[in-house]
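The values are calculated or read from the model by the stated rules, or taken from the named source; none is laboratory data. As the structure is a computational prediction, the values presented were derived from the model and not from experiment. Backbone-built Cβ (ideal geometry, glycine too); neighbour counts: all protein chains shown.
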Amino acid sequence: MSTETPPPETDEPVDDEHAEDAAIEPSDDVETASPGERRRAEKRARGAQADTEWQTGTESSGDQETRTITVFRYDPEVEEKASPHFDDFTVPYFKGMTVLDALIYARDEYDSSLTFRHSCRQAVCGSDALFINGRQRLACKTQLSALDDPVRVEPLPHADVVKDLVVDMEHFYDQMKSVDPFFDPDDLPKGELEEQKQSPENREKIKMGTRCIWCGACMSSCNIAAGDNEYLGPAAINMAYRFAMDEREGEIKKEDRIRIIEQEHGVWRCQTQFSCTEVCPKDIPLTEHIQELKREAVKANLKFW
Ligand code: FES
């Protein structure tokens with residue numbers, strides 16, 4: 001099936017340039033344009049305006065404007081880099097530039113061995129959590145304009161550095177898996193195509209808990225996790241919260257889950273310092289979720305609730 005727009009039905013010859021203009025400017029015939037056409041034209045107009053603003057910003061900032069990033073370097077496999085140190089990179093600045101943009105520029109233009117993780121570039125995959133100017137942040141979500149120069153970029157604290165800005169996430173993933181991050185309902189829907197329904201109120205309750213992107217920023221900021229390697233940590237406890245508070249969770253599984261989180265290195269270790277909540281790039285109220293699970297653990301043990 002062709003996805004091309006059919007040519008307009010007219011006797012007049014149509015040149016391509018004007019045809020494009022007509023598509024961007026629907027206002028001539030707003031009355032007759034379909035809602036879909038109007039939406040698409042408005043979207044194109046917004047895109048064109050954003051391009052113009054970006055272009056203006058770039059030009060006004062000029063090629064001369066630069067920022068300096070000071071980046072942690074370490075590579076145990078290369079003799080001259082085996083000793084941890086910092087390298088400075090001066091990068092041309094443009095409006096809207098993020099720390100990740102600066103790192104990519106430094107890697108592509110100055111040193112191809114500079115190593116860091118990234119993927120989605122839109123705060124979704126969680127792979128570029130770093131310690132930037134003394135705080136855990138996502139590099140792709142952090143604007144250079146919000147930071148003082150020089151911008152100091154380090155790997156996440158409290159994790160083993162593999163190379164440059166890459167840390168070993170294995171322990172973090174193990175903690176996440178240890179709370180059984182999956183559903184185990186008591187009953188399945190009767191019909192093959194029936195949904196496992198959840199009320200809007202319950203969905204609202206766990207909404208923030210589902211936003212975790214497994215970046216590890218919270219774990220890295222937690223003093224308790226730094227001193228107790230077995231502590232489940234805020235991300236794993238939040239994951240347990242997300243399932244334990246879901247009304248579709250089976251009773252048996254919920255009991256299991258509460259047993260996991262009330263263990264010696266579970267929720268009771270949290271000292272409500274709120275550092276995890278402060279650095280979470282998805283604004284999950286992690287400390288609150290931990291406190292709520294503490295209450296659930298108490299209720300489960302009192303037995304008369
Ligand atoms: Fe995916 Fe930043 S690159 S969260």
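At-a-glance table
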{"item": "Matching entry among Phe182, Phe172 (being surrounded by 14 or more Cβ atoms within 10 Å (Cβ to Cβ) and of a type in the set (Phe, Trp, Tyr))", "result": "Phe172"}
{"item": "Search result, residues across segment 242-295 that are among the aromatic types (Phe, Trp, Tyr) and more than 29 Å from Asp128 (Cβ to Cβ)", "result": "Trp268"}
{"item": "Condition broken by Ile284, with the remaining ones in (1) surrounded by 18 or more Cβ atoms within 10 Å (Cβ to Cβ); (2) under 19 Å from Val167 (Cα atoms) satisfied", "result": "(2)"}
{"item": "Cβ-Cβ under 8 Å pairs, at least 6 apart or on other chains, segment 252-276 side on the phi < 0 side of the Ramachandran plot and in contact (Cβ under 8 Å) with a residue 40 or more places away in the chain, far side hydroxyl-bearing (Ser, Thr, Tyr) and assigned to a helix (DSSP H, G or I)", "result": "Ile260/Ser178; Cys270/Thr287; Gln273/Thr287; Ser275/Ser221; Cys276/Ser221; Cys276/Thr287"}
{"item": "Matching option when the condition is within 30 Å of Glu154 (Cβ to Cβ), free of Cβ contacts under 8 Å to residues at least 60 places away in the same chain and surrounded by fewer than 22 Cβ atoms within 10 Å (Cβ to Cβ), among Asn202, Asn238, Asn229", "result": "Asn229"}
{"item": "Selected residue [in a helix (DSSP H, G or I), within 16 Å of the ligand (Cβ to nearest atom) and not basic (Lys, Arg)] from Ala240, Ala235, Ala226", "result": "Ala235"}
{"item": "Close pairs (7 angstrom Cβ cut-off, 6 or more residues apart or separate chains): of a type in the set (Asp, Glu) in segment 78-103, not in a loop (DSSP other than H, G, I, E, B) anywhere", "result": "Asp87/Val71; Asp87/Arg73; Asp88/Thr68; Asp88/Thr70"}
{"item": "Checking Lys254 against (1) modelled with pLDDT of 95 or more; (2) more than 23 Å from Met169 (Cα to Cα); (3) among the basic types (Lys, Arg), the condition it does not meet", "result": "(1)"}
{"item": "Residues satisfying the stated conditions in segment 83-104, i.e. within 16 Å of the ligand (Cβ to nearest atom) and either among the aromatic types (Phe, Trp, Tyr) or in contact with a Gly (Cβ under 9 Å, 6 or more places away or on another chain) (or both)", "result": "Gly96"}
{"item": "Of all residues making up segment 261-281, the number that are in a helix (DSSP H, G or I) and surrounded by fewer than 16 Cβ atoms within 10 Å (Cβ to Cβ)", "result": "2"}
{"item": "Cys140 within 10 Å of the ligand (Cβ to nearest atom) and surrounded by fewer than 20 Cβ atoms within 10 Å (Cβ to Cβ)", "result": "no"}
{"item": "Lys190 within 12 Å of Met239 (Cα to Cα) and loosely packed, with under 14 Cβ neighbours inside 10 Å", "result": "no"}
{"item": "Residue within segment 243-250 that is in a helix (DSSP H, G or I) and out of contact with any Lys or Arg (no Cβ under 7 Å at 6 or more places or on another chain) present", "result": "no"}
{"item": "Hey, Ser113 away from the ligand (no atom under 15 Å from the Cβ) and either surrounded by fewer than 16 Cβ atoms within 10 Å (Cβ to Cβ) or under 16 Å from Leu156 (Cα atoms) (or both) or not", "result": "yes"}
{"item": "Selected residue (criterion: nearest to Thr70 (Cα to Cα)) from residues of segment 124-134 that are surrounded by 16 or more Cβ atoms within 10 Å (Cβ to Cβ) and within 16 Å of the ligand (Cβ to nearest atom)", "result": "Ile132"}
{"item": "Residues of segment 67-107 satisfying the condition of being buried (at least 19 other Cβ atoms within 10 Å of the Cβ), β-branched (Val, Ile, Thr) and not in a helix (DSSP H, G or I)", "result": "Ile69, Val71, Val91, Thr98"}
{"item": "Near pairs, Cβ below 6 angstrom, 6+ apart or cross-chain, from segment 173-186 (farther than 14 Å from Asp256 by Cα) to any residue that is of a type in the set (Gly, Ala, Ser)", "result": "Gln175/Gly233; Gln175/Ala236; Met176/Ala236"}
{"item": "Residues of segment 165-180 that turn out to be away from the ligand (no atom under 16 Å from the Cβ) and either within 25 Å of Asp88 (Cβ to Cβ) or polar (S, T, N, Q) (or both), as a count", "result": "2"}
